[in-house]
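Chemist: Take a look at the following structure, please.
The values are calculated or read from the model by the stated rules, or taken from the named source; none is laboratory data. What you see is a predicted model; the values in this text were computed from it and never measured. Cβ atoms come from the backbone with ideal geometry, glycine included; neighbour counts cover every protein chain shown.
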Amino acid sequence: MINNRIAKIAVLIILVFPFSLIAQDYSKGIYEFETAVIKLVKTTSNQMVETISTETIYVDKHGAKEARYVNEVTNNKIANMKTEKNSLIISDGEWMYNIDLDKKTGKKMKNLKNQFLEGMDKSNMEKFAKEMTGSMNADVEKVGEKEIAGVVCKGTETTTNFAGMKSKTTTYIYKNFVFLNQSETMGNKIEDKVIEFNEGANVDAEKFKVPNDVKLQTIDLPIGRD
């Protein structure tokens, strides 16, 4: 049975998890590969703003440890102005750290995604996927395979109609990692695409450490409580 804590966490997870990932088997860990170094480019655009983020992602222990070093450039088309920021997101088992590398500040909080996956076996994941698909009026179809960054990924296409907002998302996955995710909702276009993938790479443990000069604030998330 899905308990109340897991149900509350699931509400947040569904906002960031592609539908095609929800019913996967996570018995080996978040990802099916043990270690990797990945480079990913994320583009978000509409008529007024375009943001391009370049992420270098370090994965260890099948995703139990993950560090994302992000360079984000935002172009305000109306004001003809660009801004840039650098950040670091670390997932280390129980905890997640969201760090502003420019300001040398960060937040420490419970890792909701790990809590969610630890509390769900495969049958519960399948049940949850079915419930979410129904509540979001989602239709998920397989669209074949595509080679991205040197590996063959399995694809799905998801259409949703939730609260009058229609969206369409195309997702390609390799070993539970999203290699390509393209979506469009109400004029907002988003694309995440892996451009480099080094599976089995030796990952320096220092990549998962919070820099010494960063001041952390611990955030209590009541949604994670029983």
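Matching residues to (1) within 18 Å of the chain's Cα centre (by Cα); (2) crowded, with 16+ Cβ neighbours inside 10 Å:
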position: Ile173; (1), (2): yes, yes
position: Asn181; (1), (2): yes, yes
position: Glu196; (1), (2): yes, no
position: Val203; (1), (2): no, yes
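Chemist: Would you pick out the residues in the range 43-62 that are within 27 Å of Val203 (Cα to Cα) and without any contact (Cβ under 8 Å) to a residue 40 or more places away in the chain?
Modeler: The answer is Ile52, Ser53, Thr54, Glu55, Thr56, Ile57, Lys61, His62.
Chemist: Taking the conditions exactly as written (over 15 Å from the mean Cα position of the chain (by Cα), farther than 25 Å from Thr44 by Cβ and either modelled with pLDDT of 85 or more or loosely packed, with under 15 Cβ neighbours inside 10 Å (or both)), does Lys110 satisfy them or not?
Modeler: In short, yes.
Chemist: Out of all the residues in the range 51-97, which are crowded, with 19+ Cβ neighbours inside 10 Å, of a type in the set (Val, Ile, Thr) and touching a Lys or Arg at 6+ places or on another chain (Cβ under 7 Å)?
Modeler: Ile57
Chemist: If you don't mind, another one. Are there any strands (runs of 3 or more DSSP E) wholly within the range 162-226 with 2 or more residues that are modelled with pLDDT of 90 or more, under 26 Å from Ala149 (Cα atoms) and touching a strand residue (DSSP E or B) at 6+ places or on another chain (Cβ under 9 Å), and if so which?
Modeler: It comes to 165-174, 177-185, 188-199.
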